[in-house]
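Have a look at the structure below, then the notes.
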Amino acid sequence: MGKMTVAVCGATGAVGREMLNTLHQRQFPATEVVAFASSRSAGTTVPYGDKELTVRELKEDSFEGIDLALFSAGGSTSTKFAPYAAKAGCVVVDNSAAWRMDDRCPLVVPEVNPEDLSWHKGIIANPNCSTIQMLVALKPIYDAVGIRRIVVSTYQAVSGTGQKGIAELEKQVRDLFNGRDIEHKAYPYQIAFNILPHIDIFLDNDYTKEEMKMVNETRKMFHDPLIRVTATCARVPVFYGHAESVNIETEKKLTARECRALLSQAPGVRVIDNPHELLYPMPIMCAGQDDTLVGRIRDDESVENGLNLWVCADNIRKGAALNAVQIAEELIRRDLVRVEEKDRATFM
Ligand code: A2P
């Protein structure tokens, strides 16, 4: 592909800014990068390397001449605008939940199921941040010995809620230290010095939507509708980096030592696991890092074939922006950054 114009939609947000940063850092082969956000930000600027891009208002007709659009502007914006992009022949990589479970859209983590990109019809979904890091760690185990059941508990940073989550934790900490009353808008309760067992909305089965994303997205990406997954997702007062306690039951036996060796060779994974030297992954280590960090690997002695792992990653980077850019890189490698008009799905 000669000339490639790339758009970032939601460029003023926490993930959108990181998408620009990641595109620049990885020297993504774009001849032009365009920044879109809502009318509120039109005319402001966002950094791209040492340049500033002027933000344009995202509209239905914004996609003419754009080859690839990375979206991180919330589900309703993606639902509304991604179909216009696809119709114009622009390939969308969407970070919201809007298209993830749509049968016409592959849901992809390049280390897990890059082959699914081959059947895209114009919109590719980026999974939920918590699912991405869990599956980067579990895929080599799944391939080696099979996984029957996953029990995961998450400890998720406020940056997962976007700029408003970051701002709310910052302000509450400052207000509490200064003896002022605190306010909450982004969350239903105080998040500073607290933990909320509640991310996204509650569903009829009393799980949250975030928890069910982990169940359903895992099944879709592993192409395994029967794999048993259960999740509890919690928001913790950490700015960047999600942590997860992951317990798995495998089909065949894999010891903790074998698991450590297997994951040491796995793409996108860095094993940090030496308890005697107090070495284990933590959110403060993974901010700004591309790798998913895995440690505390132990045999689960309560079942025959069980393992416990502790998994940390930068939720804004591998959990969102980096994964989207890696999908875009993989599309280029496979010559998939275009869809013939006859093969485009009508997403309207
Ligand atoms: P804006 O800054 O103009 O509101 P975050 O997840 O950090 O809150 O960021 C959300 C991103 O989505 C921001 O860039 C925001 O732009 C953008 N956004 C929200 N609503 C729209 C919309 N209707 N059209 C385009 N961009 C939108």
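Restricting the calculation to Cα atoms, every distinct pair contributes to the Kirkwood radius of the range 45-168, found to be 16.6 Å. Ligands, DNA and RNA left out, the 1.4 Å accessible surface of the range 145-235 is 53% carbon and sulfur atoms.
Each residue of the range 169-179 was assigned a 3J(HN,Hα) from its phi angle through the Karplus curve 6.51 cos²θ - 1.76 cosθ + 1.60 (θ = phi - 60°); the sequence is 5, 4, 5, 5, 4, 4, 5, 5, 5, 9, x Hz, with glycine and proline shown as x. Note that the range 38-108 presents 46 Å² accessible area per residue, ligands and nucleic acids not counted, probe 1.4 Å.
Neighbours of residue 72 by Cβ distance under 11 Å: Lys/Arg scored +1, Asp/Glu scored -1, total -1.
Accessible surface area normalised per residue over the range 185-278 is 55 Å², counting heavy atoms of protein chains with a 1.4 Å rolling probe. Amide H contacts under 5 Å for residue 34: 6, 7, 8, restricted to partners 5 or more places along the chain or on a different chain, H placed in the peptide plane at 1.01 Å from N. Distant-in-sequence amide contacts of residue 105, defined by a placed amide H-H separation under 5 Å and a gap of 5 or more residues or a different chain, comprise nothing.
Protein heavy-atom surface of the range 1-82, 1.4 angstrom probe: 44% of the accessible area is carbon and sulfur, with nucleic acids and ligands not counted. For the chain, averaging the sequence separation of C-alpha pairs within contact (under 8 Å, six or more residues apart) and dividing by the residue count gives a relative contact order of 19 percent. With K and R counted +1 and D and E -1, the other residues having a Cβ less than 14 Å from that of residue 161 yield a net charge of +1. Using a 1.4 Å probe on the protein chains only, how many percent of the accessible area of the range 247-310 belongs to carbon and sulfur? The C+S portion of the solvent-accessible surface of the range 247-310 is 49 percent. Peptide packing: for 114-120, 65-71, 45-51, 32-38, the average count of neighbouring Cβ atoms within 10 Å per residue gives the ranking 65-71, 32-38, 114-120, 45-51, highest mean first. Give, as a single signed number, the net charge of other residues whose beta carbon lies under 13 Å from the beta carbon of residue 234, with Lys and Arg counted +1 and Asp and Glu -1. Taking every other residue near residue 234 into account, the sum is -3. Rounded to whole Å, give me the distance from the Cα center of the range 24-58 to that of the range 320-348. Result: 20 Å between the Cα centres.
The values are calculated or read from the model by the stated rules, or taken from the named source; none is laboratory data. Predicted model, so just to flag it, every value in this text is computed and none were measured. We place every Cβ from the backbone using ideal geometry, glycine too, and count neighbours over all the protein chains shown. Just so you know, the surface numbers come from the protein's heavy atoms only, side chains and all, with ligands and any DNA or RNA stripped out. Shrake-Rupley method; radii C 1.70, N 1.55, O 1.52, S 1.80 Å.
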